[in-house]
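Here's the structure we're looking at; comments come further down.
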Amino acid sequence: MVEGHVTISELKKVYESGDERTKAIDDLSLEVPSGEFLSVVGPSGCGKSTLLYLVAGFLEATSGTIAVDGEPINGPGTDRGVVFQNYALFPWRTVMGNVTYGLEEKGVDREERRTTAQRFIEMMDLDGFEDKYPKELSGGMKQRVAIARTLAYDPKILLMDEPFGALDQPLREALQDHLLGIWSGLEKTVIFITHDVEEAVYLSERVMIMTRHPGTKKTAVEIDIDRSRSREEIIMSEEYTQTKNQVWQSLREETKPEAQL
Ligand SMILES: Nc1ncnc2c1ncn2[C@@H]1O[C@H](COP(=O)(O)OP(=O)(O)OP(=O)(O)O)[C@@H](O)[C@H]1O
Ligand SMILES: [Mg+2]
């Protein structure tokens, strides 16, 4: 059975607080086929995080629907795993405690929880830090714990909100390649938000560009790159450069003229 297909139809989100109404997402429709790696780029404040939280089920749509494998979503679920813009680890839990969290939610027994968690802790190069608390870790380590925590309970859909934004270049590149390995090995649907056009083109099969606030889908660009090559070969290639320029140009049109210095 095909799993992890996301269908977003005429989605609209208006935040209301007191008399204030902010339209964050306006009439957005999108299909993300099962197993696709989709990146989302758009100007700051255009509604990318809002979109992700709606798909995660943390926010309720004002109108429109989101369905996973044909079933409208109704709140959060272990079929969708979120990696937040700012780690969001549980400060009162150790690294091991954070990574086993989702497995507890799924009702996995203690022994198996620890074995599975250990596998993802090692995958993220965090072995030896199992008993540390988030406050004892660096930013990059916290982000790796957040990724391990999400991968450990095996959601069919990964929702990632600028997960590598705060990391230095070498770690960012290492985690990008790691994520690609995981994606191709585990056949997951990925919706990946980023500010970084190069990251979007390097990682994904398709990039959705959003309009400026209130955000909707502007266009989507298919990325046709042979990923069997090394990073160096890919970033030097004609297809990569051309696609990157195409996405960048489309995104630039959405930046407010006064912000274009
Ligand atoms: N809880 C909230 N209450 C009211 N308005 C909000 C709330 N969260 C976000 N917004 C507004 O919704 C719009 C979209 O915000 P969102 O965080 O989704 O943008 P974003 O594209 O993720 O931005 P960035 O790239 O800076 O992370 C913005 O105008 C923001 O001010
Ligand atoms: Mg955001």
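Ala220 to Thr241: extension gain in nm, 0.36 nm per residue of separation minus the Cα-Cα distance?
Contour length minus Cα-Cα distance gives 5.9 nm.
What share of the DSSP beta bridges in the chain is antiparallel, in percent to the nearest 5?
Bridges in the chain are about 55 percent antiparallel.
What FRET efficiency, computed as 1/(1 + (r/R0)^6) with R0 = 41 Å and r the Cβ-Cβ distance, is obtained for Glu233 and Asp19, rounded to the nearest 0.05?
0.15
Determine the share of segment 153-261's accessible area contributed by carbon and sulfur atoms, expressed in whole percent, with a 1.4 angstrom probe.
The value for segment 153-261 is 48 percent carbon and sulfur by accessible area.
Helix-derived [θ] at 222 nm for the chain: sum -39500 (n - 2.57) over DSSP H runs of at least 4, divide by residue count, nearest 500? Walk me through the numbers on the way to the answer.
Numbers: 8 runs with 95 residues, N = 261.
Taken over the chain, the calculation gives -11500 deg cm²/dmol.
Using a cut-off of 16 Å between alpha-carbon atoms, which lysines can reach Lys188, once sequence neighbours fewer than 8 places away in the same chain are excluded?
Partners found: Lys156.
Please state, rounded to one decimal and in Å, the Kirkwood hydrodynamic radius that the chain gives when every pair of distinct Cα atoms enters the mean of 1/r.
Values: mean 1/r = 0.0522 Å⁻¹.
Roughly 19.1 Å, rounded to one decimal.
On a straight-distance basis, which lysines could pair with Lys244 in a cross-link, Cα separation under 19 angstrom, same-chain partners fewer than 8 positions away excluded?
Output for Lys244: Lys217, Lys218.
List the GluC sites (Glu not before Pro) within segment 56-133 that DSSP assigns to loop and that have no more than 12 neighbouring Cβ atoms inside 10 Å. Working shown, then result.
Working: sites: Glu60, Glu104, Glu105, Glu111, Glu112, Glu122, Glu130; in loops: Glu60, Glu130.
Those satisfying the criteria are Glu60.
Under DSSP H, which helices of the chain have Cα atoms covering 18 Å or more of the helix axis and a Kyte-Doolittle average no less than 0.0?
Result, helices passing both filters: 139-152.
Using a/c under 1.5 as the rounded threshold, could you call segment 41-86 rounded, prolate or oblate? The axes a ≥ b ≥ c are square roots of the C-alpha gyration tensor eigenvalues, and prolate needs a/b larger than b/c, oblate otherwise.
oblate
The values are calculated or read from the model by the stated rules, or taken from the named source; none is laboratory data. Computed from a predicted structure; not experimentally measured. Because the Cβ atoms are built from the backbone with ideal geometry, glycine has one as well, and the counts that use them run over all protein chains shown. Note: accessible area is taken over every heavy atom of the protein model, side chains too, but ligands, DNA and RNA are not part of it. Shrake-Rupley method; radii C 1.70, N 1.55, O 1.52, S 1.80 Å.
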